[in-house]
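Here the structure comes first, spelled out in structure tokens, and everything after it is commentary.
The values are calculated or read from the model by the stated rules, or taken from the named source; none is laboratory data. This one's a predicted model, so the numbers in the text were calculated from it and none came from an experiment. Quick reminder, even Gly has a Cβ in these numbers, built from the backbone with ideal geometry, and neighbours come from all protein chains shown.
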Amino acid sequence: MKNKIIISLLLLSSLLLASGGSIYTRYGIGDIFLYNSARELGSGGTGIAFSSHDNIGTLNPAGWNSISLTRFSTGVNFKGYGLSDNSQSAFYTETDFSGMLVAFPISNDYGITLVGGLTPYSNINYDVVYDQESPELGKHTIEYSGSGGLSRAFLGFSYRLPFELSLGITLEYFSGKTDYLSRLEFEDQINFTNSEYLLSTKNHGVGYTFGIISPDFSNFLSLETISDLRIGATYHIVNTINSDSVVAYRNSRGFEEYRNSEFTREIPTRMGVGLSLKWKEKYTFMFDFVNQKFSDFTEDDVRYSFLRDLTRYSLGFEYRHGSGRFGSTWEQMIWRAGLSYEQSQYVVNGNGIDEMAAYAGFSFPMGYDNSIDFGFKYGIRGTTDFNLIKENIFAAFITINFGDLWFIRPER
């Protein structure tokens, strides 16, 4: 492996256009990355109760207890958004870095694995433009755009207690920059002057994630075809996010900075529970539930009516032939599928924005315990009812996943 690591009124406008990513990322801290790899995407974002020896999962740090080789993974993701209202439609795309993870197994007997990484945590990416005409101002264009988000750098470890009870914990540092731009342009450049308003924030804070995965309950139930029956849970805490903001205004004299301020954001805790089991050794089924109380999200102790609790249900499936390193390329491939239903954190004009999605994916072997992973998603978020925006979401994740034996303890 050493050489392989090389705003709601805008939604009412029939003249609305959007570019970049999802228009709903205007609210709160934007879309949350609940998963970061092609493997997790391909199985519907499930895996809270799943331990894998050949993958560095990000859903539950307790799942690292099965990693037996030094591992490295990184990847990119592509997303396409087909936006439509009652009168028009458009399609826009974005490409992002999925993150980088490194795992070092310390003790296979005790499931101790040290893991560090850098992954995106949230994303804001929208650009809304609409044209208006009034007797006072004549023809003019109003634009609202936003970009940026939070990144997460973390260090954590797993530990397996007696009776195969696994624990995990991560210490996380959040940072990132967000820019919000409002622009007003007039067709009449003689009597009116174009203007821009820019709010730029730099954000940082600390968080933690705790995870647990149960022993194999199938050993107590004496089930012939079912094995590796486990329950998992995670609890994610983000301490106060401190934000430094700069507000600038551009007129005929250029940009003028006129206010600096500091404020705090309280990102609510997130809880997840999951169930996983194997059927006939080759088929793995996973079910996850995730809840994050964005109704408790505040900025300087101010709550917002356009945010509610995020709730997500997901079902995942994985098939492995089980032939190991001696099987053919086709036999070593891993196949995945999934479904999800999500009540997102967004509320627009009193209407909650929900999403349903289907997933698929596979891992193409590149040698023993090495693979290139592919994950795909098609989802529908929102509706054209109530003058809202409907999003058809297409996503593709590609992750490079390598493992190698770095450290060998000499015999004594």
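Of the strands (runs of 3 or more DSSP E) that lie entirely inside the range 202-276, those containing 3 or more residues that are under 20 Å from the mean Cα position of the chain (by Cα) span 226-238. Considering the range 380-400 alone, what residues qualify as being surrounded by fewer than 17 Cβ atoms within 10 Å (Cβ to Cβ), under 18 Å from the mean Cα position of the chain (by Cα) and either among the charged types (D, E, K, R) or closer than 11 Å to ALA358 by Cα (or both)? Hits for the range 380-400 are ILE380, PHE394.
Kindly indicate the residue of the range 284-327 that is hydrophobic (A, V, I, L, M, F, W, C) and in a loop (DSSP other than H, G, I, E, B) and also nearest to ASP244 (Cα to Cα) among those meeting that condition.
Our first condition is that a residue be hydrophobic (A, V, I, L, M, F, W, C); within the range 284-327, this holds for 285-287, 289-290, 294, 297, 302, 306-307, 310, 315, 317, 326.
Checking the rest, the ones that are also in a loop (DSSP other than H, G, I, E, B) come to 297, 306.
On the way: PHE297: 18, PHE306: 23 Å.
This residue is PHE297.
Within the range 324-333, the presence of at least one residue that is more than 16 Å from the chain's Cα centre (by Cα), under 27 Å from SER51 (Cα atoms) and surrounded by 15 or more Cβ atoms within 10 Å (Cβ to Cβ) is confirmed.
Being assigned to a loop (DSSP other than H, G, I, E, B), farther than 24 Å from ARG265 by Cβ and modelled with pLDDT under 90 is a property that ASN86 has.
Within the range 177-209, track down each residue that is touching a His at 6+ places or on another chain (Cβ under 8 Å) and within 30 Å of GLU299 (Cβ to Cβ). LEU184, GLU185, GLY207, TYR208, THR209 - these are the residues of the range 177-209 that are touching a His at 6+ places or on another chain (Cβ under 8 Å) and within 30 Å of GLU299 (Cβ to Cβ).
Which of the following residues is farther than 14 Å from TYR368 by Cα, basic (Lys, Arg), surrounded by fewer than 18 Cβ atoms within 10 Å (Cβ to Cβ) and in contact with a Ser or Thr (Cβ under 9 Å, 6 or more places away or on another chain): ARG303, ARG312, ARG336?
None of the other options fit; the residue is ARG303.
Each residue in the range 203-237 was checked for being at pLDDT below 95 and under 18 Å from ALA153 (Cβ atoms), and 0 pass.
The set of residues in the range 107-129 being surrounded by 21 or more Cβ atoms within 10 Å (Cβ to Cβ), within 25 Å of ASN239 (Cβ to Cβ) and aliphatic (A, V, I, L, M) consists of VAL115, ILE124.
Applying the condition of being among the aliphatic types (A, V, I, L, M) and surrounded by fewer than 18 Cβ atoms within 10 Å (Cβ to Cβ) to the range 357-379 and asking which residue is modelled with the highest pLDDT yields ALA358. Regarding the range 103-112, can at least one residue be identified that is under 22 Å from the mean Cα position of the chain (by Cα) and within 21 Å of SER51 (Cβ to Cβ)? Within the range 103-112, one or more residues are under 22 Å from the mean Cα position of the chain (by Cα) and within 21 Å of SER51 (Cβ to Cβ).
Residue check: is ILE48 farther than 30 Å from PHE386 by Cβ and crowded, with 22+ Cβ neighbours inside 10 Å? In short, yes. Per the conditions (1) at pLDDT below 90; (2) among the polar types (S, T, N, Q); (3) surrounded by fewer than 23 Cβ atoms within 10 Å (Cβ to Cβ), the sole criterion not satisfied by SER22 is (3).
Could you list, in sequence order, the residues of the range 207-230 that are loosely packed, with under 14 Cβ neighbours inside 10 Å and either of a type outside the set (Gly, Ala, Ser) or under 18 Å from PRO162 (Cβ atoms) (or both)?
In the first step, residues of the range 207-230 are kept if they are loosely packed, with under 14 Cβ neighbours inside 10 Å; the result is 219-225.
If the condition is that a residue be loosely packed, with under 14 Cβ neighbours inside 10 Å and either of a type outside the set (Gly, Ala, Ser) or under 18 Å from PRO162 (Cβ atoms) (or both), then ASN219, PHE220, LEU221, LEU223, GLU224, THR225 are the ones that fit.
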